[in-house]
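Visitor: There's a structure below that I have some questions on.
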Amino acid sequence: MTNETKPAAGRKPALSIPQIINMSVGFLGIQFGFALQNGNASRILQGFGANVEELPNFWLVAPIIGLLVQPIIGHYSDRTWTKLGRRRPYFLAGAICASIALCLMPNAGFLTNAIPSLWVGAGMLMIMDASFNISMEPFRALVADKLSTEQRTMGFSVQTVLIGIGAVVGSWLPYVLANWVGIPNTAPEGEVAPNVIWSFYTGAIVFMSAIIWTVATTPEYPPEVQAKFIADEAGGEEAAPLGGLSRILTDIARMPKTMKQLGLVQFCSWFALFSMWVFTTPAIAHHIYGCAIEDNSSQTYQDAGDWVGVIFGIYNLVSALYAMLLPRIAARLGRRKTHAVSLTCGAVGLISIYFVKDPHWLIASMLGVGIAWASILSMPYAILAGSLPIRKMGVYMGIFNFFITIPQIFSGVINRPLVKYAFGSEAIYALVMAGVLFLIGAWAVLRVDDPDDVVAHAA
C-alpha cells in the first residue's frame, strides 16, 4: 500500500510517478471491460438476431445511462465522505455491478425462455454500461483532487496509458483465445461463441482486481485537508452550496465558457467514435471480407469479428504509446494544437478504411485512430480542468459527460436511417462519415479558450 504523508496546508504536494500510476490502475480495468463491450457487443447482438441497421438502437442504451448517471455520481461524490474516502466507494460499487454484468451478457441466451435473448442482451448492455459509468466518472475527479495544476496533464496522460493497456488486452483476448488457446470462435445460431464468453469472464476478474488495487493503494485527502487545498486553489471562491438535482441544473446553466466551447469538439469526436464502435465489425466483414450484408454467423464473419478485436487492440496500443508523448507535445504545441493534429490523424485513419482491400492494412488505419483516441481521452480534460471551479470539480466532470453521451445518442438515432436508406445498409460509409467529423472537431478545438495553457508550456 502506498503511504503518503499528510500534507500541510497550501498547495498540493507533487506525487511520484508510481503514486500517479496506482491511482489510475482502476481505469485499466474499466477500459478492459469497455474494450470487450466495444469490440463484441455488436457481434453478440447480431448473433442474437439484430440487423445491422438496428444496432444503433441497442447501443443507445449506453450513452443514455451515462447521461443520467455521471452528473449524479459526480455531484454526490463531491459531497461524500466515508472510511474509503469520497471517490473510492463509487469505484468499488461500480466494479461489483460491472463484473456481474460482464459475466451475464454473453450468456443472455441461456437466462430466459420467456424474453427474446436479444432483449436480455440489450438489458445486460445497459447494466454493464451503467456500472462502468459509476466507476469511471469519479476517476476523472480523483486526478483533479490529488494533483496540482502542473501535474494534471501528466495525470490524465498516465491514465490514458493505462486505459490503452487495458483496452489492448481486452480487445485482443477473443482472438488470442481462438487462435492461440484453441477455444472455438463459432457457436450455433442464437448463441455466443465460447471465446467471447471466456473473454468476458476474464474481463470481470480484471475489472474487479484493478479497482481493488486503486482503492487499496490510493488514500484520499481527509475533508479538512482537501478543504485547505480548495481554499488555496479557489482563491477565495465561496463554498459550493449543498443541494440535489436542482443544484445540478444551476451548475449546468453556469458552466464555464471553455466547457461550452469544448462541446462542439466533443460532439464531433464522440459521434465519430460511437459510429466506429457500432459499425466497424459489419463494415469490415462486408466491405473487406466479402460477407453478405445479412451474413452474421458464418466462419468468415466470425473471423472478421476476431480481426476487428485485433485492430481495436492496435489502436489502443498506439494510444498508450502516444499518451506517453502527449505532455511533451502539448508543452511545445499547446493543448489545442496537439488535439487538433491528433484528431486529423484519426480522420485520415478512418477514411482510409474505405480504400483497404487486405485486412492487414487496417493496422495502418488504426495508427491514426490510436493517436486520436489518446488525445480524446486526455487533452479535453486537461483543457477543461483549469477552467472549472475547484469546489465543483466532480459535478462538472460529470456534466462534461453530457458532451460525450449526447453525441452518441444523436449518432444512434440518426445512424439507423442513414445506414439503411442513405448508405444502402453499407456500414463502411458510417466510418467515412466518422472521419469527416474528426476533421470538423480538429477545426473546432483551435477556437477553444484554454486559460491554463500557459502552465502547460511552462511545465
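Visitor: Exactly one of these conditions fails for Glu137: (1) over 26 Å from the mean Cα position of the chain (by Cα); (2) surrounded by 22 or more Cβ atoms within 10 Å (Cβ to Cβ); (3) acidic (Asp, Glu). Give me its number.
Guide: Here Glu137 meets the rest and fails (1).
Visitor: Can you spot a residue in region 33-45 that is aliphatic (A, V, I, L, M) and either at pLDDT 85 or above or out of contact with any helix residue (DSSP H, G or I) (no Cβ under 9 Å at 6 or more places or on another chain) (or both)?
Guide: yes
Visitor: Could you tell me which of the residues Gln261, Gln266 is crowded, with 23+ Cβ neighbours inside 10 Å and not hydrophobic (A, V, I, L, M, F, W, C)?
Guide: One residue alone meets the criteria, Gln266.
Visitor: Tell me, which residue of region 434-456 that is part of a helix (DSSP H, G or I) and surrounded by fewer than 23 Cβ atoms within 10 Å (Cβ to Cβ) is modelled with the lowest pLDDT?
Guide: Val455
Visitor: With the condition kept exactly as written, say whether any residue in region 150-158 is crowded, with 22+ Cβ neighbours inside 10 Å, touching a Cys at 6+ places or on another chain (Cβ under 9 Å) and part of a helix (DSSP H, G or I).
Guide: No, that holds for no residue.
Visitor: Right, next: Between a first residue in region 84-106 that is closer than 19 Å to Ala41 by Cβ and a second residue that is in a loop (DSSP other than H, G, I, E, B) and of a type in the set (Gly, Ala, Ser), which pairs have beta carbons less than 6 Å apart while being 6 or more apart in sequence or on different chains?
Guide: That search, which allows pairs on different chains as well, returns nothing.
Visitor: Are any residues in region 199-219 in contact with a Phe, Trp or Tyr (Cβ under 8 Å, 6 or more places away or on another chain) and of a type outside the set (Val, Ile, Thr), and if so, which ones?
Guide: Gly203, Phe207, Ala210 - these are the residues of region 199-219 that are in contact with a Phe, Trp or Tyr (Cβ under 8 Å, 6 or more places away or on another chain) and of a type outside the set (Val, Ile, Thr).
Visitor: Let me ask something else. Answer yes or no as to whether Ile212 is assigned to a helix (DSSP H, G or I), out of contact with any Gly (no Cβ under 7 Å at 6 or more places or on another chain) and at pLDDT 90 or above.
Guide: Answer is yes for this residue.
Visitor: Go through region 194-206 and count every residue that is in contact with a Pro (Cβ under 8 Å, 6 or more places away or on another chain) and under 17 Å from Ala35 (Cα atoms).
Guide: 5
So that you can scan it fast, the table gives a plain yes or no per residue for (1) part of a helix (DSSP H, G or I); (2) of a type in the set (D, E, K, R); (3) crowded, with 20+ Cβ neighbours inside 10 Å:
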| site | (1), (2), (3) |
| --- | --- |
| Ile127 | yes, no, no |
| Thr160 | yes, no, yes |
| Thr186 | no, no, no |
| Glu189 | no, yes, no |
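Visitor: In this structure, does Asn316 turn out to be not in a helix (DSSP H, G or I) and not small (Gly, Ala, Ser)?
Guide: no
Visitor: Scan region 264-273 and tell me whether some residue there is touching a residue at least 24 places away in the same chain (Cβ under 8 Å), over 25 Å from Phe34 (Cα atoms) and either out of contact with any Cys (no Cβ under 7 Å at 6 or more places or on another chain) or among the acidic types (Asp, Glu) (or both).
Guide: Checking region 264-273: not a single residue is touching a residue at least 24 places away in the same chain (Cβ under 8 Å), over 25 Å from Phe34 (Cα atoms) and either out of contact with any Cys (no Cβ under 7 Å at 6 or more places or on another chain) or among the acidic types (Asp, Glu) (or both).
Visitor: Between a first residue in region 6-25 that is closer than 23 Å to Thr160 by Cβ and crowded, with 16+ Cβ neighbours inside 10 Å and a second residue that is modelled with pLDDT of 80 or more and of a type in the set (Gly, Ala, Ser), which pairs have beta carbons less than 7 Å apart while being 6 or more apart in sequence or on different chains?
Guide: Filtered contacts from region 6-25: Ile20/Gly155; Val25/Ala210.
Visitor: Right, next: Take Pro241 and tell me if it is on the phi < 0 side of the Ramachandran plot, modelled with pLDDT under 70 and of a type outside the set (Ser, Thr, Tyr).
Guide: yes
Visitor: Let me ask something additional. Filter region 61-87 down to the residues that are surrounded by fewer than 24 Cβ atoms within 10 Å (Cβ to Cβ) and under 26 Å from Met105 (Cα atoms) and list them by number.
Guide: Answer for region 61-87, where residues must be surrounded by fewer than 24 Cβ atoms within 10 Å (Cβ to Cβ) and under 26 Å from Met105 (Cα atoms): Val61, Ile64, Ile65, Leu67, Leu68, Val69, Ile72.
Visitor: Here's another thing I want to ask about it. Among (1) of a type outside the set (Val, Ile, Thr); (2) out of contact with any Pro (no Cβ under 9 Å at 6 or more places or on another chain); (3) more than 15 Å from Thr160 (Cα to Cα); (4) crowded, with 21+ Cβ neighbours inside 10 Å, which single condition is Leu326 missing?
Guide: (3) is the only condition that Leu326 fails.
Visitor: Just one of the numbered conditions (1) surrounded by fewer than 24 Cβ atoms within 10 Å (Cβ to Cβ); (2) over 26 Å from the mean Cα position of the chain (by Cα); (3) not β-branched (Val, Ile, Thr) is not true of Asn296; which one?
Guide: (1)
Visitor: Right, something else. Taking into account only those residues within region 267-310 that are of a type in the set (Asp, Glu) and not in a helix (DSSP H, G or I), which is farthest from Val176 (Cα to Cα)?
Guide: Only one residue tops the list, namely Glu294.
The values are calculated or read from the model by the stated rules, or taken from the named source; none is laboratory data. What you are looking at is a predicted structure, and each value in this text was computed from that prediction instead of being measured. A quick note on method: Cβ atoms are made from the backbone with ideal geometry, for glycine too, and the neighbour counts reach across all protein chains shown.
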